[in-house]
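Read-outs: derived from the displayed coordinates by stated rules, not from any lab. Please read these numbers as outputs of a predicted model, since none were measured by experiment. When we count neighbours, we look across all protein chains shown, and the Cβ atoms used for this are built from the backbone with ideal geometry, even at glycine.
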Amino acid sequence: MRVHFIAIGGSIMHNLAIALAQKGFIVSGSDDHIYEPSRTNLAREGLLPKPGWYPEHITPDIDAVVIGMHAKADNPELLKAQEIGIKIYSYPEFIYEQTREKVRVVIGGSHGKTTITSIIMHVLKSIGRDFDYLVGAKLDEFQYMVRLTKDAPIAIIEGDEYLASPIDQRPKFHLYKPNIALISGIAWDHVNAFPTFEKYVDQFRLFIKHIEPKGTLVYNKEDKKLQEIVLEDQSKINKHGYRTPEYTINKGVTYIHTAAGDIPLQVFGRHNLSNIAAAFTVCDWLGVSREAFYNAIRNFRGASRRLEYVASDDDSVVYQDFAHTPSKLKASIHALKEQFPNKELVAIVELHTYSSLSEAYLSEYKDTMQEAEYPAVFINQEALKQKNAEAITTDTLKKAFNQPDLIYFNNITSIGEYLSQMDPEGKNLLLMSSGNYGGVNLVNYADKFLVKPAKGQA
């Protein structure tokens, strides 16, 4: 089968292209800009295209076109494919087509999707189960973010609620038709696509209705809105709720309490413990024994950029996190304060998505940084220009966050200067963003915070 990818450089798109090539498909692609790590990954597999759009490359011998969100509806290759009648898929549609004969486990929710998916993958790998997968971050244990095979009986899929493609405005997770579905919680996100909270909640109601007949819904019983829509749903499916397990923190190590005894973890934070409970419930439905799950979870180090360790010295530690929505931001700050209760916290969040840069949405951030002794917000001015967003003032941010001591950085240099001048003793640093802080390596930030010149040196 020959498949062409329009906007092949996307995070999932290029991983899907590689997975299909490894499965034996003939794969081609195009994009106007391809950044790292997509460029290196595609080049390694012989799939890196020449930059640009080339409608003359769209020929009738192509069996399918997969289009990514980076492309526009008037993309010349897309128009050519439509003209000659080639079947066009969004990537979630194509993932479904490749997994329709498998048990599809789809992990949805406003937060924790990547971590829950990665825990399930870690556990299944540890016990030797064969499975396909799609996960939204690069995991240390897995070379790529997508795997598709002929024989694996299970597919573990991270189900994003954002729109499927420029010509398909359905949320991605509606297209996977899960046999087992999980919802971790509901907190308003993607306001450019879902301008009200209720419209956003409706997407989860529909997600439940897309579960296959006699399938299973696993859900977070501690989320009141989620509990409400689960109770009102009349679908003929199994419903299994979970709760955060009891735990203690002793000498910097978090232990979950189980019938098999206390299990030490390498991750921390109440939200991560909730993620572990979610993954445990899914694994239980997949036939994984409790003993096997607990043995595997001891060695789980977390997903990339999810409360990920960056650097430390004898007194302070630096973490990075993907947090950008209000609920994620608050949970990540709380996790650091709970784990290190005797340390002050310097917390810097980059706001750069359409949602977080919307002044109408900013009020959702109220009180999310109250636990941080040194709260700060960074907004890259280039991001504002690219999204045609209006300038945001310091007073606007302080009011929205309800944080009079909030610091506002509007250029990348000022963050480095701030951290260089700060005494790290008795403090930890948390850097949060779903972007990349203007392309700066976070290790450089960690060094500016932790490493100070000796007295008498410049």
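State the extension gain, in nm to one decimal, for the chain segment bounded by Asn444 and Met422, taking 0.36 nm per residue of separation less the distance between their alpha-carbons. Show your work: numbers first, answer last.
Numbers: separation 22, 0.36 × 22 = 7.92 nm, distance 1.47 nm.
That pair, Asn444 and Met422, stretches by 6.5 nm at full extension.
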Amide H neighbours of Phe378 at under 5 Å, excluding residues fewer than 5 places away on the same chain, with H built from the backbone geometry, are Val349, Glu350, Leu351, Phe409
Can you pick out the pairs among Lys177/Lys221; Lys225/Lys337; Lys138/Lys399 whose Cα atoms lie more than 29 Å from each other? Lys138/Lys399
R0 of 35 Å, Cβ-Cβ distance His33-Asn410: FRET efficiency to nearest 0.05: 0.90
Linear extension gain, Val451 paired with Arg2, 0.36 nm per residue minus alpha-carbon span: 156.3 nm
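Over the Cα atoms of the chain, compute the convex hull volume and normalise it per residue, giving Å³. Please list the in-between numbers first.
Numbers: hull volume 71.7 nm³, N = 458.
So the per-residue hull volume is 157 Å³.
Only loop residues by DSSP count here, and only those with at most 16 other Cβ atoms within 10 Å; note down the GluC sites (Glu not before Pro) in region 215-290 that meet that.
On the way: sites: Glu222, Glu228, Glu232, Glu246; in loops: Glu222, Glu246.
Passing sites in region 215-290 are Glu222, Glu246.
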Take the Cα of Asp130, step 7 Å along the line toward its Cβ, and report every residue of region 142-165 whose backbone nitrogen sits under 16 Å from that point. 147-156
Label points 7 Å out from Cα along the Cβ direction at Tyr309 and Glu390: separation in nm? 4.6 nm
Going by amide H atoms built from the backbone, whose H comes under 5 Å of the H on Val317, apart from near neighbours? Leu429
Full extension between Gln381 and Gln169 adds, at 0.36 nm per residue less the Cα distance, a length in nm of 73.5 nm
Given R₀ = 30 Å, what would the calculated FRET efficiency be for Ser11 paired with Glu359, taking r from the Cβ atoms and rounding to 0.05? 0.60
Karplus 3J(HN,Hα) series, Hz, for region 174-182 with 6.51 cos²θ - 1.76 cosθ + 1.60 (x for Gly, Pro): 6, 9, 8, 6, x, 8, 10, 10, 10
Distance (nanometres) between label positions extended 7 Å along Cα→Cβ at Arg298 and Lys72: 5.6 nm
Using a Cα-Cα cut-off of under 21 Å, which lysines could be cross-linked to Lys224, ignoring same-chain neighbours fewer than 8 residues away? Lys113, Lys199, Lys209, Lys239, Lys328, Lys330, Lys366
Could you list which residues have their amide H under 5 Å from that of Val218, counting only those 5 or more apart in sequence or on another chain, with H placed in the peptide plane? Ala181, Leu182, Ile183, His240
Theoretical FRET efficiency, 1/(1+(r/R0)^6), r = Cβ-Cβ of Asn250 and Gln82, R0 56 Å, to 0.05: 0.35
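To check you understand DSSP bridge types, tell me what percent of the beta bridges within the chain (both residues inside) are antiparallel, rounded to 5. Intermediate results must be reported in sequence, preceding the final value.
Numbers: 17 of 70 bridges.
Of the beta bridges lying entirely in the chain, close to 25 percent run antiparallel.
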Determine the sum of side-chain charges near Tyr255: Lys and Arg each +1, Asp and Glu each -1, restricted to other residues whose C-beta is under 13 angstrom from that of Tyr255. 0
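What trypsin sites (Lys or Arg not before Pro) in region 219-313 are in a loop by DSSP, with at most 16 other Cβ atoms within 10 Å of the Cβ? Walk me through the numbers on the way to the answer.
Numbers: sites: Lys221, Lys224, Lys225, Lys236, Lys239, Arg243, Lys251, Arg270, Arg290, Arg298, Arg301, Arg305, Arg306; in loops: Lys221, Lys236, Arg243, Lys251, Arg298, Arg301, Arg305, Arg306.
Within region 219-313, the qualifying trypsin sites (Lys or Arg not before Pro) (loop, at most 16 other Cβ atoms within 10 Å) are Lys221, Lys236, Arg243, Lys251, Arg298, Arg301.
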Mind checking which aspartates and glutamates have their C-alpha under 18 Å from Lys102, skipping anything on the same chain fewer than 8 residues away? Glu93, Asp130, Asp132, Asp151, Glu158, Glu212, Asp284
